[in-house]
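I have a structure I would like to understand better, so I am pasting it below and will then ask my questions one at a time.
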Amino acid sequence: MSISSQFLPLSASFLTLGLVANLTTPALAQTSFPDVPSNYWAQPFIQRLAARNIIVGYPDGTFRPEQPVQRDELAAMIRQAFDQEAIRQIESGSVYEDVPEGYWADPAIEEAYQQGFMSGFPGGEFRPNQPVSRLEAIVTLTRGLNLAPPETPQVTTGRAIRRPIYLPLAMTSLMQPLVAAPQTTAPVAASVRDYYADAQQIPPYAVNDVGIATQNNLVVNYPNPKVLNPNQPLRRSTAAAFIHQGLVAQERIEPLPSNVEAYNYIVRPEVSQAAR
């Protein structure tokens, strides 16, 4: 499926969100932004993804790294970054009542649904303009990328082992009563409790996902790696960091070198344990 063909023609609203399809060559991609200086904590993550046209700036040339991310924006970022096998299909038209055909993010939302990253709310709503929390983004990426603890084999007979998708799985803690929580293994839960100072803020349904994401170095916490701030809004800067680390977990992008300051904000619980 061609990313560019799915997003043509681009609407004005699409451009104002600072998200465009891969319509330019990497050589023409904007990789620096006036509001993302070289000493900004997430600059390496943003620069690397911008160079690959996974994330882009706004028409005025800014990136707006502190701006909260909405559900439709996250779907668009996921679509640009990952090419996962579809695990469910949409028969025809939009799957959500509040995402009309022709909506700028409709193709991205449908793919995020089909690939198991995101689902909706009761009543057939997607709520595209609802802000995303840091926890919701971690759960979304962990399940959509089918991450597992590093010691757990992920491939058998040539196919990835996918954990079940529990429906309805809306990417929000508001759906907690309606989501069948995956069984939390004791080692994973213990690693979460031992590492994060604010682990008590993580709802039970998400503990396993947070633990798996942590073990795969997907989580990036600034300024303190041991503080997750799960309920804070997901910023564009942090979305770039999470997606970058998801690509690292898939071995599709090189990890940040250890001499880069941003490297220090990538959660590495094994390093913390070894330092004791």
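Please treat every number below as a calculation from the coordinates, not as lab data. Not measured: the values here are computed from a predicted model. Here the Cβ positions follow ideal geometry from the backbone for every residue, glycine too, while neighbour counts run over all protein chains shown.
For PRO34, what is the net charge nearby, where nearby means another residue's Cβ is under 12 Å from its Cβ and Lys, Arg count +1, Asp, Glu -1?
Local charge sum for PRO34: -1.
Would you mind putting 48-54, 191-197, 104-110 in packing order, based on average other-beta-carbon counts within 10 Å, highest first?
The densest-packed peptide leads the list: 104-110, 48-54, 191-197.
Treat the count of other C-beta atoms within 10 Å as a stand-in for reagent exposure and order LEU74, LEU145 from fewest to most.
Listing LEU74, LEU145 from fewest to most nearby Cβ atoms yields LEU145, LEU74.
Net charge around ASP198, counting only other residues with Cβ within less than 14 Å of its Cβ (Lys, Arg = +1; Asp, Glu = -1)?
+2
If I stretch the segment between ASP60 and ALA190 completely, what's the gain in nm (0.36 nm per residue apart, minus their alpha carbon distance), one decimal?
Taking ASP60 through ALA190 to full extension adds about 42.2 nm, to one decimal.
Within 10 Å of each residue's Cβ, count the other Cβ atoms and sort ILE87, ILE243 from fewest upward.
So the residues, fewest neighbours to most, are ILE87, ILE243.
Label 7 Å along Cα→Cβ of GLU85; region 107-126 residues with amide nitrogen under 20 Å?
What the label zone holds, given the 20 Å backbone N cut-off, is 111-118.
Please arrange SER133, SER237, SER38 by counting, for each residue, the other beta carbons lying within 10 Å of its beta carbon, fewest first.
So the residues, fewest neighbours to most, are SER38, SER133, SER237.
Using 7 Å Cα-to-Cβ label points, what is the SER38/LYS226 separation (nm, one decimal)?
It works out to 3.2 nm between the two label points.
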